[in-house]
Structures are given as C-alpha cells and as structure tokens.
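The values are calculated or read from the model by the stated rules, or taken from the named source; none is laboratory data. Since the structure is predicted, the reported quantities are computational estimates derived from the model, not experimental observations. All Cβ positions, glycine included, derive from the backbone under ideal geometry; neighbour counts span all protein chains shown. Protein only, heavy atoms only, side chains kept; ligands, DNA and RNA dropped before computing areas. Shrake-Rupley method; radii C 1.70, N 1.55, O 1.52, S 1.80 Å.
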Amino acid sequence: MKTSKDTAFLFDLDGTLVDSVYQHVLAWREALERCGIELAVWRIHRRIGMSGGLLVNALLRETPQPVTSEQAEQLRRFHAEAYARQVAQVRPLPGAKDLLAFLTKVGVPWAIATSGRMESARPALDLLGVNAGAAVITRDQVQRAKPDPDLFLAAAERLGVDIRASVIVGDSVWDLLAAQRARALGIGLLSGGYGEDELDRAGAYRVYQDPFDLLQHLDEVGVRITA
C-alpha cells in the first residue's frame, strides 16, 4: 500500500500518545508544595503542555509569593523527581501503538515532539515501543518549546518534510497554537483533558477523542490509502 499524497504526522507525547497528563499535574503540585506554594490542581492542569520554564513562570504568576530563579530551578527538579515516582502508572492511550504502526506500514512518516526532556520522555517512548532510531525531538534539542513552534519545526526537518504538508497532533491549546505558528494543520485530541470548544478556538481542524478515534478517521485528515 502507499498513500496518495505526501503527508507527515508530528505528535505531541503526554496526553496525546500516553495517558500521563494527570501524573504530571500531581508531580507539579508536589513540587510546588515542597517549595511552600499551594496551588489548586485545575490551575496546574491549564498549563500542562507548555515548556517547563514557561509553565513554572505561569504557575508562579498564580501565587503572591516572589520566587527566585534558584527556586524556579528547584521546582523543575522536584517535578522531575515526583514524576519519576508516578511514571509506573502511565499507560499508552487507546490506539496509540496501532496508529504509529499503521502509519509506518503505509509509509507515512511520523515524529514525536515533546516539551519534556529525554529523561522524562524515555519511559513513555518505551511504553509505545518507539525505538532509538525514531524521529524524536525533546526540549533539550530546541531553543524554545511550546507554544513556540520550534519542536515541530525541528521534527519536520528531521523527517525531511515541509512543515506546511504536516499534520500536528496534540491534546492542548499550546500544541495547536504552535501548529498555527508553524503553518501546519492542527488536530486536537480530548485525551489530555481540554474541551472540544477550547481546542476548536485554538485552531484545531478536527478534534477526536484519542489516538484510536483518529486512526478510524485518517481519511478526514488527508491520508488516502491506495493499493
């Protein structure tokens, strides 16, 4: 089989391919509490998907306490430690492995672009069966992460494809904002906890429940399979 047109898929990781958003939320809450900062989990969830540095800055705006750059770095370290204790609970989202396997089978190139660093992304990649040779872009490889488009631009470059012929799949408004700034087609998934209306307003061309739902509707996003 082959596809009837050139298309590449660029995937976010947390909340898009693996069910890890709430583990990250709880890890950030633990990190904040270790630093003496109390913040409701819903406020933390609204920022998941941003780069770690931007996320910390956004969370700290929600508190009246001044925080030094050293404390901000400590927060990121505490989060990494807390998430490492939560990671055993993370599972692939329904259809994620099948979706990647199907795209590989029909010759559609794909990459994963995550705001996380490789140390936190590696367990999730292993769950998905993503091998070391796959195109994976992490926060450590770009100057700026989401909502800047750098991660997805680097992923398209790694695949050798035009970003404008790419489909960016993510679960947060930050993914879709980055897709718009990259001039790519944005697809939203509900599996990270954002509502359909929020993803629509952020520029999603289509919104699906999860990777399995997307797999059933690939024809709607330009994947045509021919014999």
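Observations
- Net +/- balance of residues flanking ILE48 in space, Cβ distance below 10 Å, scoring K and R +1, D and E -1: 0
- Modelled spin-label separation between ALA84 and ALA58, with each label point placed 7 Å from Cα along the Cα-to-Cβ direction: 2.6 nm.
- Couplings 3J(HN,Hα) of region 181-196, computed from phi: 5, 8, 6, 10, 7, x, 10, x, 10, 7, 6, x, x, 6, x, 4 Hz, in residue order, whole Hz [Karplus 6.51 cos²θ - 1.76 cosθ + 1.60, θ = phi - 60°; x for Gly and Pro].
- Cα-based radius of gyration of region 34-169 once divided by 2.2 N^0.38 Å, which approximates compact folds: 1.18
- The length gained by stretching the chain between ASP200 and ARG183 to full extension, at 0.36 nm per residue less their Cα-Cα distance, is 4.5 nm.
- The chain - percent of accessible surface contributed by carbon and sulfur, probe 1.4 Å: 48
- For the chain, the longest principal axis of the Cα atoms and the long axis of helix 69-86 meet at an angle of about 60 degrees.
- Percent of Cα pairs exceeding the 31 Å cut-off, where the set is the chain: 18
- ALA40/ARG224 FRET efficiency (R0 41 Å; Cβ-Cβ; nearest 0.05): 0.35
- A 1.4 Å probe run over region 81-203, with the rest of the protein chains in place, finds 44 Å² accessible per residue.
- Phi angles of region 105-122 translate, via the Karplus equation with coefficients 6.51, -1.76, 1.60 and θ = phi - 60°, into HN-Hα couplings of 4, 8, x, 8, x, 9, 9, 10, 10, 10, 6, x, 8, 4, 4, 8, 7, 4 Hz per residue; Gly and Pro are given as x.
- Per-residue 3J(HN,Hα) values for region 125-134, derived from phi via the Karplus relation 6.51 cos²θ - 1.76 cosθ + 1.60 with θ = phi - 60°, read 5, 5, 4, 7, x, 7, 7, 5, x, 6 Hz in sequence order (x marks Gly and Pro).
- Given +1 at the Cβ of Lys and Arg, -1 at the Cβ of Asp and Glu and no other charges, the dipole of the chain around its Cα centre is 360 debye to the nearest 20.
- By DSSP, the beta bridges lying fully in the chain are antiparallel in about 20 percent of cases.
- Between ARG206 and GLY188, the built amide H atoms are under 5 Å apart, and every one of these is 5 or more places off in sequence or on another chain.
- Taking amide H as placed 1.01 Å from N in the peptide plane, the amide H of VAL90 sits under 5 Å from none that are at least 5 places away or on another chain.
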